[in-house]
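The structure under discussion appears below in the form of structure tokens.
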Amino acid sequence: MTHPLQSDLALYATGDLPLWRRPVIRLHVSGCDSCRSWVEAFGADRESLRGLAAEMPAEVNWDRLAAEMSANVRVGLEAGECVAPRVRRPVLAAGWRVAAAFGSQNRRPLESLRLI
């Protein structure tokens, strides 16, 4: 049995799943204990978060905070584009392979070594 994605189950639990997907998920959840428990857990988490949100300070301008956070993310992404990607040099990357191959061809048997 193929199960829906957890993101679809979470959206179903919150009522945010697109209308055309709801019947498919509802049918699956009605016959699958595992997915039903996920939907119940997502619903319980949502209620828990609502309780925590009620305790948040009312005087904070949440829209402004969200805009500042989005701006910071954009700045970070743009800064990442300015940094040149690190270029690997194939000669150095293959250098140890050449040394290992050369070294393995010039080994002497243990019997030929003299111990003083």
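The values are calculated or read from the model by the stated rules, or taken from the named source; none is laboratory data. Remember, it's a predicted structure, so these values are computed and weren't measured experimentally. Counting neighbours? That spans all protein chains shown, and the Cβs are built from the backbone with ideal geometry, glycine included.
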- Limited to region 5-17, what total is found for residues that are surrounded by 10 or more Cβ atoms within 10 Å (Cβ to Cβ), under 14 Å from GLY43 (Cβ atoms) and without any contact (Cβ under 8 Å) to a residue 24 or more places away in the chain? 2
- Task: Run GLU55 past the list (1) over 24 Å from THR14 (Cβ atoms); (2) at pLDDT below 85; (3) of a type outside the set (A, V, I, L, M, F, W, C) and report the number of the one that doesn't hold.
- Result: (1)
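One line per residue, one yes/no per condition, for (1) surrounded by 10 or more Cβ atoms within 10 Å (Cβ to Cβ); (2) on the phi > 0 side of the Ramachandran plot; (3) of a type in the set (D, E, K, R); (4) in contact (Cβ under 8 Å) with a residue 40 or more places away in the chain:
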{"residue": "LEU19", "(1), (2), (3), (4)": "no, no, no, no"}
{"residue": "ARG26", "(1), (2), (3), (4)": "yes, no, yes, no"}
{"residue": "TRP38", "(1), (2), (3), (4)": "yes, no, no, no"}
{"residue": "GLY43", "(1), (2), (3), (4)": "yes, no, no, no"}
